[in-house]
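Asks: Starting off with a structure, shown below.
The values are calculated or read from the model by the stated rules, or taken from the named source; none is laboratory data. Being a predicted model, the structure only gives us computed values, none of them experimental. When we count neighbours, we look across all protein chains shown, and the Cβ atoms used for this are built from the backbone with ideal geometry, even at glycine. The area values use the complete protein model at the heavy-atom level, side chains included, leaving out ligands, DNA and RNA. Shrake-Rupley method; radii C 1.70, N 1.55, O 1.52, S 1.80 Å.
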Amino acid sequence: MKTFKTIIIDDERLAREEVKRALKSYPEFEIIGEASHVDEARILIEESKPDIIFLDIHMPGKSGFDLLEELTTVPEVVFTTAYDQYAVKAFELNALDYLVKPLRDERFSQTIEKVKAELAKKEEIKADILPMHRKIFIKEGEKCHFIPLSEIHFIESLDNYARLYFGDQKAMIKRSLNQLEEKLDSTVFFRINRSQIINTQYIKEIHPYFNNKLQIKLTTGETLEVSSRQSAKFKNWNSL
């Protein structure tokens with residue numbers, strides 16, 4: 001049976017216990033951790049890379065929304081809260097569902113079915129990682145490109161579009177950076193911050209930068225800043 005790594009985030013212990021009790025009927029959801037505030041949750045998410053988080057909104061210091069803004073890669077999210085006035089904002093952030101506490105069994109069951117369907121889709125996408133020798137076809141207005149993945153050295157996010165840089169050219173594609181990241185080979189492409197991905201085969205120089213950040217220069221001339229969080233990940237990713 002395929003299991004999904006699950007984290008519960010709520011400042012109230014009883015609320016976390018409530019979610020745990022509700023999940024007992026669904027053994028495919030493996031609870032790998034819980035957190036009571038945003039900073040603890042962020043570290044836990046970055047280290048364990050869960051498939052799904054059950055997330056409270058109101059917590060001391062920072063909110064559940066603040067947590068999502070701090071994450072570079074966001075897992076699937078189900079909000080669990082005592083307040084119903086934040087539902088619109090939650091769905092604007094692409095949350096899978098919004099549950100008002102106390103949890104009701106029937107409503108929770110509907111949420112679980114929705115979560116399982118979405119995670120199954122993601123598993124299919126993971127199985128469809130594009131090999132580096134593949135070429136991708138992009139139609140941009142009247143222009144068409146047939147680009148080897150190995151020639152794409154840099155990708156940046158522009159709202160719901162991404163701009164791909166290859167050779168001395170660039171092209172726009174209607175895909176989010178998250179969607180592209182799921183399709184790209186993670187042993188070659190690395191997300192350096194919320195809005196940029198690089199092909200590490202084009203790295204020319206790496207320099208320390210302020211606030212524990214790195215600065216990377218590509219062979220194609222771009223000088224790019226790696227966020228503090230991603231700088232730490234890059235050091236581990238790129239070490240023996």
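Asks: In region 76-180, carbon and sulfur make up what percent of the accessible area (probe 1.4 Å)?
Replies: For region 76-180, the apolar C and S fraction of the accessible surface comes to 49 percent.
Asks: Could you give the angle, 0 to 90 degrees to the nearest 10, between helix 105-126's Cα long axis and the longest principal axis of the Cα atoms of the chain?
Replies: 20
Asks: Calculate, for SER186 and GLU106, the FRET efficiency according to 1/(1 + (r/R0)^6) with r their C-beta to C-beta distance and R0 35 Å; round to the nearest 0.05.
Replies: Taking R0 as 35 Å, the efficiency between SER186 and GLU106 is 0.35.
Asks: For the modelled label position 7 Å from the Cα of LEU130 along Cα-to-Cβ, which residues of region 154-173 have backbone nitrogen atoms closer than 11 Å?
Replies: Hits in region 154-173 for LEU130 at 11 Å: 164-165, 173.
Asks: Would region 1-50 count as rounded, prolate or oblate if I go by the C-alpha gyration tensor, calling it rounded below 1.5 in a/c and otherwise prolate when a/b exceeds b/c, oblate otherwise?
Replies: Values: a/c = 4.39, a/b = 1.19, b/c = 3.67.
Oblate.
Asks: Next up: R0 = 35 Å: FRET efficiency of TYR83 with GLU140, Cβ-based, nearest 0.05?
Replies: Values: r = 44 Å, r/R0 = 1.24.
Rounded to the nearest 0.05, the efficiency is 0.20.
Asks: Given (1) 106; (2) 147; (3) 212, which label gives volume of the Cα convex hull per residue in Å³ as computed from the coordinates?
Replies: Among (1) 106; (2) 147; (3) 212, the one calculated here is (2).
Asks: Another question about this same structure. Pop out the carbon and sulfur fraction of the accessible area of region 191-239 as a percent, whole number, probe 1.4 Å.
Replies: Details: 1200 of 2710 Å².
Answer for region 191-239: carbon and sulfur cover 44 percent of the accessible area.
Asks: Can you give the helix-only mean residue ellipticity at 222 nm for the chain, where every DSSP H stretch with n ≥ 4 adds -39500 (n - 2.57) and the sum goes over all residues, rounded to the nearest 500 deg cm²/dmol? Could the numbers behind the result be given before it?
Replies: Details: 7 runs with 74 residues, N = 240.
Theoretical 222 nm ellipticity from helices: -9000 deg cm²/dmol.
Asks: A follow-up question, please. Can you tell which of GLN179, GLN215, GLN110 shows the greatest fluctuation in a Gaussian network model of the chain with Cα springs below 10 Å?
Replies: Of GLN179, GLN215, GLN110, the Gaussian network model singles out GLN110 as fluctuating most.
Asks: Also, quick follow-up: Taking the Cα centre of region 1-134 as origin and charging only Cβ (+1 Lys, Arg; -1 Asp, Glu), how large is the dipole, in debye to the nearest 20? Walk me through the numbers on the way to the answer.
Replies: Details: 20 positive and 28 negative charges, 77 e Å.
Its charge dipole is roughly 360 debye.
Asks: What aspartates and glutamates could a cross-link reach from LYS204, if we take a straight Cα to Cα line under 13 Å and drop same-chain neighbours fewer than 8 places away?
Replies: GLU222
Asks: Right, another one. Beyond 25 Å between alpha-carbons counts as too far, so tell me which of LYS89/LYS213; LYS89/LYS233; LYS49/LYS116; LYS116/LYS183 fall in that bin.
Replies: Details: LYS89/LYS213 31 Å; LYS89/LYS233 30 Å; LYS49/LYS116 17 Å; LYS116/LYS183 20 Å.
Pairs exceeding 25 Å: LYS89/LYS213; LYS89/LYS233.
Asks: Quick check for you: with a 1.4 Å probe and neighbouring chains kept, what is the accessible area per residue of region 74-227, in Å²? Walk me through the numbers before you get to the answer.
Replies: Working: 8870 Å² over 154 residues.
It amounts to 58 Å² per residue over region 74-227.
Asks: Right, something else. Once you list every other residue whose beta carbon is under 13 Å from the beta carbon of SER157, what net charge do they have if Lys and Arg are +1 and Asp and Glu are -1?
Replies: Overall, the nearby charge balance is +2.
Asks: Against the longest principal axis of the chain, how steep is helix 228-237, in degrees 0 to 90 to the nearest 10, with axes from Cα atoms?
Replies: 70
Asks: So, one more: Against the longest alpha carbon principal axis of the chain, how many degrees, from 0 to 90 and to the nearest 10, is the axis of helix 38-48 turned?
Replies: Here the helix axis deviates by roughly 60 degrees.
Asks: Could you pull out the pairs from LYS2/LYS139; LYS101/LYS235; LYS101/LYS121 whose alpha carbons sit more than 30 Å apart here?
Replies: The answer is LYS2/LYS139; LYS101/LYS235.
Asks: Restricting to the chain, what percent of DSSP beta bridges are antiparallel, rounded to 5? It would help to have the intermediate numbers written out before the result.
Replies: Details: 33 of 51 bridges.
Given both bridge residues lie in the chain, the antiparallel proportion sits at roughly 65 percent.
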